[in-house]
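Report on one structure; see the data block that follows.
Bear in mind these aren't lab numbers, they're just calculated from the coordinates by the rules spelled out. No experiment lies behind these values; they were computed from the predicted model shown. Because the Cβ atoms are built from the backbone with ideal geometry, glycine has one as well, and the counts that use them run over all protein chains shown.
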Amino acid sequence: MTSTAPERGPRGAAPLRLTLTRGRVALVPLYVPLVIAAFFFALPFAWMLTGAFKAPSEITHYPPTFLPERLNADNFTQAADDVSLWRYLGNSLLVAVVSTVGTVLCASLAAFAFAYLRARGSRVMFGLVLATMMLPPFILLIPSYSIYQWLGWLDTYLPLTVPHFLGVGGAFYIFLLRQFFLGIPREIFEAARIDGAGRLRQYATIALPLAKPALITVALFQFVASWNDFFGPLIFLTDSSKFTLPVGIRFFQGLYATDYGNLMAATTVSVVPVLLLFLVAQRFFVQGIATTGGKG
Amino acid sequence: MTAPTTTRAPGAAPRTPAPASAPTRWQRLRRSEAFAFYLFLTPWLVGLVGLTLGPMLFSLYAGFTRWDGVNSPEWIGFDNFRVMFGSDPDFWPSFGRTFFYAGARVALGVALALALAVILNTRLPGRTFFRTVFFLPTIVTGVPMFVVWAWMFDPDLGILNYLLSQVGIEGPAWLGDTTWAMPALILMSLTATGGTMIIFLAGLQGVPLELREAAVVDGAGWWHRFRAVTVPMISPVILFNVLMGLIASLQVFAEPFVMTQGGPERSTYVFGMYLFNEAFWYSNVGYASALAWVQFLVIVVLTFLVLRFARRRVHYLGS
């Protein structure tokens with residue numbers, strides 16, 4: 001998680017000169033599978049982005065065109081007329097931001113305790129954190145539905161946000177932050193304690209600022225997870241004006257199954273924010289994912 | 001948030017008659033590390049008890065009842081399980097489909113991810129670009145992309161059959177065809193294998209260079225080097241990816257729900273769809289709870305079996 005640039009010189013990278021002394025020509029066979037794979041990995045995004053700007057006649061045209069004949073934004077205005085597209089965007093943003101705040105707060109508090117505080121039962125507790133990572137969501141969703149029904153929370157955003165303040169589904173984040181905290185030398189906290197800083201002050205003024213890269217990683221993963229979440233909103237929301245983008249798009253698809261141009265406009269609105277986030281902050285995602293495998 | 005034990009200063013005016021030099025039990029407790037530990041953990045503990053363990057126990061109980069989710073549950077013993085294993089025509093087929101999906105997805109996905117990682121673990125110019133492209137669909141995913149894929153799979157208007165026709169192949173009806181709907185979902189899932197690839201890349205960087213150089217000096221070809229050096233060295237990572245892939249894909253739900261609704265003719269009616277419909281469509285909440293527990297236990301048992309199998313096959317460095 002340190003800010004070394006792994007791109008520059010991977011320790012184990014196979015030195016090509018050993019295997020490919022005959023020069024760079026030998027690299028070409030490696031590019032063939034890469035280019036083919038990259039084509040199929042990128043195709044859905046290209047197909048979506050171009051489709052969003054195609055006129056209806058072009059959508060149903062055979063053979064299909066790759067680039068739209070001319071850029072028209074009609075699909076976007078049409079999609080926004082058919083369903084409350086911009087409203088869904090706002091709803092998604094609200095739910096994702098609030099649940100991200102909750103996750104970062106709860107996971108960092110728990111991780112701080114696991115990393116620095118000794119107590120009887122702490123190993124059992126950490127075992128429980130790891131065990132909850134394996135739980136399939138179905139086993140919790142059915143009874144949770146009844147709980148939220150009883151609390152009167154159905155068709156509100158509370159079931160989509162409040163559990164994140166209580167660390168539900170956040171085991172991976174606790175694990176990740178604890179690993180990071182363990183890397184901060186204990187002496188820093190000792191020094192702060194001698195200066196009279198309490199544990200909450202140590203957490204807020206020392207641990208959190210030092211853990212910024214890890215906190216950003218956690219925030220990004222939770223934001224994207226919440227943004228992409230389909231199951232929660234599908235079950236807990238019924239009023240279509242409260243939908244987030246994934247359920248909104250599913251709803252839209254149900255209404256206009258083959259109106260691909262408008263559908264692509266809606267999916268573009270949903271996908272572009274995460275796409276930009278990914279392109280800007282890719283290294284955090286890579287480091288976060290690589291950390292998961294590290295314990296394997 | 002209440003400040004836990006922050007008051008190091010002994011100024012806490014003792015209302016009790018105890019002298020300030022001998023703190024009361026409560027004060028000692030408040031200052032103790034264990035107290036702080038559990039205070040920091042309180043939000044998570046509340047969630048664990050109230051929204052994880054509690055619901056799990058409740059759903060275990062509900063699994064032994066007939067319950068529509070509204071009226072009070074009625075205890076029926078093992079009847080749900082008898083119906084499930086005995087007479088429900090959806091149980092075994094949906095199980096089979098789920099295992100077919102998970103097996104194919106994990107086998108092909110892990111192989112593809114490993115191949116891509118091995119190629120990208122060289123000093124190939126442009127590898128950062130390729131890594132970005134391969135990782136992108138893992139993060140940018142979900143219902144919107146499933147809708148895009150549904151269009152790509154469209155037999156008449158989709159791009160895939162057009163591309164196939166360009167090389168002289170008449171493409172199938174994909175999502176509209178009972179034979180091809182499931183393979184279509186598996187094909188799509190292969191583009192979501194970037195996370196696995198990243199984990200492999202991290203694992204490959206831990207393979208000591210000397211080992212491979214020694215193999216090169218010994219005159220081993222690339223395939224032999226891969227089989228004899230790379231695979232054993234990263235076998236823990238392979239195990240991890242297989243296990244995580246299995247756990248995730250046995251729970252598949254959104255893809256068929258959005259793209260095929262379980263059809264055509266139930267050919268993509270996987271366990272997740274079945275469970276969801278029983279719970280939220282037919283209101284057989286008691287029965288669905290039993291199904292959810294079966295799913296959970298299958299995952300636990302499978303994890304155990306994979307780990308046992310792996311004990312003899314996986315090489316950990318230095319052990």
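Before moving on, here are some points about what is shown:
- Counted by Cβ distance under 11 Å from B:GLY176, the other residues give a net charge of -4, where Lys and Arg count +1 and Asp and Glu count -1.
- Interchain or long-range residues, amide H under 5 Å from B:THR65's placed H: B:ILE76
- Taking B:PRO125, B:PRO89, B:PRO144 as the candidate residues, the one with maximal mean-square fluctuation in a Gaussian network model of chain B, Cα springs under 10 Å, is B:PRO125.
- Other residues whose C-beta falls under 10 angstrom from the C-beta of A:THR156 contribute a net charge of -1, scoring Lys and Arg +1 and Asp and Glu -1.
- Counting Cβ atoms of other protein chains within 10 Å of each residue's Cβ and taking the mean over peptide B:116-123 gives 5.
- Each helix, a run of at least 4 DSSP H residues, gives -39500 (n - 2.57); summed and divided by the residues of chain A, these come to -21000 deg cm²/dmol at 222 nm.
- Translational diffusion of segment B:89-313 was estimated from the Stokes-Einstein equation, with Rh taken as the Kirkwood radius over Cα pairs; at 10 °C and 1.306 mPa s the coefficient is 81 µm²/s.
- Selected from B:GLY63, B:GLY219, B:GLY77 as most flexible by GNM, with chain B as the system and alpha-carbon contacts under 10 Å: B:GLY219
- Candidates B:PHE37, B:PHE95, B:PHE78, ranked by Gaussian network fluctuation over chain B, Cα under 10 Å, top entry: B:PHE37
- Whether segment A:139-249 is rounded, prolate or oblate, judged on the alpha carbon gyration tensor where a/c under 1.5 counts as rounded: prolate
- Along segment A:260-273 the Karplus relation, 6.51 cos²θ - 1.76 cosθ + 1.60 evaluated at θ = phi - 60°, assigns HN-Hα couplings of 4, x, 5, 4, 5, 4, 5, 5, 4, 4, 6, 8, 4, x Hz to successive residues, with x for each Gly and Pro.
- Degrees between helix B:194-204 axis and first principal axis of chain B (Cα, 0 to 90, nearest 10): 80 degrees
- Listed values for segment B:105-117 are Karplus-derived 3J(HN,Hα) couplings in whole Hz (6.51 cos²θ - 1.76 cosθ + 1.60, θ = phi - 60°), namely 4, 6, 4, 5, x, 5, 4, 4, 4, 5, 4, 5, 5, and x replaces Gly and Pro.
- Over chain A, relative contact order from alpha-carbon pairs under 8 Å, at least 6 apart, %: 30 percent
- Sparsely packed loop sites in segment B:210-319 (the GluC sites (Glu not before Pro) outside DSSP H, G, I, E and B with at most 15 other Cβ atoms within 10 Å) comprise B:GLU265.
- Within-11-Å neighbourhood charge of A:ILE59 [Cβ basis; K, R +1; D, E -1]: -2
- Hz values of 3J(HN,Hα) by residue in segment A:202-212 - Karplus curve (6.51, -1.76, 1.60), Gly and Pro given as x: 4, 4, 7, 9, 10, 5, 4, x, 5, 8, 3
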